[in-house]
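Here the structure is laid out as structure tokens; the discussion comes afterwards.
The values are calculated or read from the model by the stated rules, or taken from the named source; none is laboratory data. Model, not experiment: these values are computed from the prediction. We place every Cβ from the backbone using ideal geometry, glycine too, and count neighbours over all the protein chains shown.
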Amino acid sequence: MPKQVIFVLKTILHLCLLAPLLWLLHIFHNGTLALDADPVNYITHFTGNWSLWILLGSLAITPARRLSRKLAFLVRFRRLIGLYAFFYATLHLATYVFLFSGYDLAGALHAAAAGHPGELLTQWRLVSPTIWDDLKKRRFIQVGLLSWVILFALALTSPSVVMRWLGGKPWQRLHRFVYVAAAAAVIHFWWLVKRGVRTPWRVSAILLILLAGRLAYLALKRRSLAVRPQTS
């Protein structure tokens, strides 16, 4: 596929993946978000949901391109989509740290602009005991943080220069942990919602289909490798 076409498709993809953030900023500026019963809760779920859906989208690229050689070009967008999943996951985590926890972000930024950057650290010291206490007691936060840490490691090692430094096979083994991150994110979703709420079933079903497809592909590949010596 020509580079010009890839460039255009990547530009469109950037716009599509930025659209949720632009929508969130739009409803913030026009006051719609403030009318919500719990704006912070809305932002938390909004960023978390988009992170998970985008992550599943990145995982769907490999099985999609295996269905047809015509879809092989999709692999060029996998890294980009994965980075956006990490981006929204980071916004999700930041919402908890800087909004839900009681961190006075507006006051800290105002103080920093006035020449008192130490207020940023002071606010962290005020809320960190609560955050650590939540982390110890709430298992949905633990598994959610695990998912973010994995995505962070994958984002750091995503550039091609890092792949060459690590070597192809070690890099591939590391990036297979993306399935662990996705599973942890889905579990985080289930443990976060109230008992009886079945909203996470959609992402759970899609992840199970993707995992089943990958296992089936690996099984067929091993079977073909085992049969090949006998037929030669």
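Here are some notes:
For (1) surrounded by 16 or more Cβ atoms within 10 Å (Cβ to Cβ); (2) touching a residue at least 40 places away in the same chain (Cβ under 8 Å); (3) within 26 Å of the chain's Cα centre (by Cα); (4) at positive phi, each residue gets a yes or a no:
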| position | (1), (2), (3), (4) |
| --- | --- |
| R76 | no, yes, yes, no |
| F100 | yes, yes, yes, no |
| W124 | no, no, yes, no |
| T130 | no, no, yes, no |
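- In the range 103-118, the residues that are closer than 18 Å to V40 by Cα form no Cβ pair under 9 Å with any partner that is of a type in the set (D, E, K, R) and modelled with pLDDT of 95 or more, whether six or more places apart or across chains.
- A single entry from K194, K169 fulfils the requirement of being farther than 20 Å from A85 by Cβ and either within 16 Å of the chain's Cα centre (by Cα) or in a helix (DSSP H, G or I) (or both): K169.
- V203 vs. criteria under 18 Å from L59 (Cα atoms), under 20 Å from the mean Cα position of the chain (by Cα), at pLDDT 95 or above and buried (at least 18 other Cβ atoms within 10 Å of the Cβ): yes
- Residue within the range 41-49 that is at pLDDT 95 or above, among the hydrophobic types (A, V, I, L, M, F, W, C) and over 30 Å from M1 (Cβ atoms) present: yes
- Selection of the range 79-98 for residues being over 23 Å from S58 (Cα atoms) and in contact (Cβ under 8 Å) with a residue 40 or more places away in the chain yields T95, Y96.
- Any hit, the range 209-229, residues being in a helix (DSSP H, G or I), of a type in the set (A, V, I, L, M), in contact with a helix residue (DSSP H, G or I) (Cβ under 8 Å, 6 or more places away or on another chain) and under 19 Å from I61 (Cβ atoms): yes
- Taking the criterion of being within 14 Å of L52 (Cβ to Cβ) and among the aliphatic types (A, V, I, L, M), the residues of the range 73-106 that qualify are I81, A85, A89, L91, L93.
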